[in-house]
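A quick write-up on the structure given underneath.
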Amino acid sequence: MKFLGTKPQRLGVMSRMYPNLTASFITEALGNVFYMDYKKEKFKSLDAPYFEWDVENEYIKRVAFAAVPTTIGTNGDYVTIPLQERYYEKYDIFKIDKTRQQLIVVATPERKADDFWEYTCKIIDNDFSSLLDLSGCQIGDTTRFQSNAMPEMSEEGYIKHQSNIETHRNYITTHRVDTSYSAQYAAMEDVFIQIAQGKDKNSLVPTIYKMSTKEKELLDSFLYVRNNGLLFNRTNVDKNGKCTTLEPATNRPLYIGDGFLPQLERFAGKYVFNKLTISVFQDAMSQVVSKCENSVGNHILFFCNDRMWILVNRLLQEYLSRFTPTASYMYSAAKSGYLKVGNTYDSYEFAGNTITFKVERALTYEWGEKAFGVFVDLTGDSTTGSPAVQLFTLKGGDFISSKFPGVGGLDGLTSGIVSSAIAASKLIILGYSGIGVFNPYRSYFLIEA
């Protein structure tokens, strides 16, 4: 408590003592914390602290058909392509996914409705014999941008990244834990109780019991509720920034920010398996890599519950044994002559990308006997160096500890000025925290059926 009370930024060091708290470890322990300055102005109500970030998607967007085209380009005529949004511009070349036909836009798109745009196009061929294949142009079928082609002395051009930028918002949640204790308990807290157990006095085995310190229990409880909140909480703020949960007595809003997993669930792919095989694992890993900036060199975290951890180690052990069944690293003889068999597999490399496994006990409590794991790309932004996941908090507000002494003081035996006439004291920890996953598309869920 003394270590953290004066410098709350030391929570990053403290997080390394709690490796099971994944949300704290991948943010604070790695130094991925952003401190927001907050200055309260007189007569101004406290707005909900929030943070925003832009996500630039690295994959090409797919645009769906809004209706079936009525023209097919007979004798080289123009075709009118109805799509659900304005994405392609004049001189853009796009491809129909199902039929792989290519078309070039020859005029500025016309808006018929918010979700209905007509594109005047020409089928790309070299003899005017191609006709539009309507089997790939049904409502919901998709197209994708491929390239562009400009005439001589062209007057305009466009880029596609502007259409691929999204703004994400999340809110900071307030966590608080209190513990109260009597003056007598404080005076007796460090008392050791020795209980003799055994059949007779010659076989007595002393067992030492010690009460857990109240400060440690308070700190453990705070880190637990904050870690679970950063992992699992779903936001209760609508699209207009209004909180949907109010305290009945005072009408004060209870702002809850989105946790790590809810941010991923909106965008990540999911695969439910009956049996975990190396092919399933590699395919899931490839899904994440396909949305990364580079095809190789990515560092992906796979954090999972206990059940998935057992399945992964069993899978990798069987996979490795196919190629080197008698390799020395599979077994070793100790000095005593006993044979140690097997190993623990904490990382896996495939196709130039590395996965590191992380067991999270909170996921075990959440999913029970069903195996659950999620791939997350932790590779930082190559341009700005920003981390993939970051903790947001108010400056100096991630850890605030307070003490409320009663009669007997904090140790139950001290005379002096007190804050309460009751022979009891209270310890309080309060903190503000929110988590931002800067590109939730780079993730993938593996769930056992």
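Please treat every number below as a calculation from the coordinates, not as lab data. It should be emphasised that the depicted structure is a prediction, and the values quoted were computed from it without experimental measurement. Note that we place each Cβ from the backbone using ideal geometry, even for glycine, and neighbour counts take in every protein chain shown.
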Exposure-ranked with fewest Cβ neighbours within 10 Å first, 234, 144 stand as 234, 144
Checking rank on 431-438, 413-420, 217-224, with mean other Cβ inside 10 Å and highest first, the result is 431-438, 217-224, 413-420
Sorted by chain and then number, the residues having a modelled amide H within less than 5 Å of the amide H of residue 371, at least 5 places away or on another chain, are 448
For residue 395, other-chain or 5+-apart residues with amide H closer than 5 Å (H placed, Pro excluded) are 36, 37, 38
If 367, 309 are placed from fewest to most neighbouring beta carbons inside 10 Å, the sequence is 367, 309
Hydrodynamic calc, the stretch 63-159: Kirkwood Rh from Cα pairs, then Stokes-Einstein at 20 °C with viscosity 1.002 mPa s, so D in µm² s⁻¹ is 160 µm²/s
Most packed first (mean Cβ within 10 Å per residue), the peptides 338-351, 81-94, 118-131, 171-184 order as 81-94, 171-184, 118-131, 338-351
In this structure, among 214/395; 122/270; 122/291; 90/270; 214/242; 242/403, pairs with alpha-carbon gaps over 29 Å are 122/270; 122/291; 90/270; 214/242; 242/403
Non-local residues with an amide H under 5 Å from the amide H of residue 141, with H modelled 1.01 Å from N and Pro and chain starts lacking one, are 65
Quick calc: nm separation of the 7 Å Cα→Cβ label points for residue 232 and residue 85 -> 3.4 nm
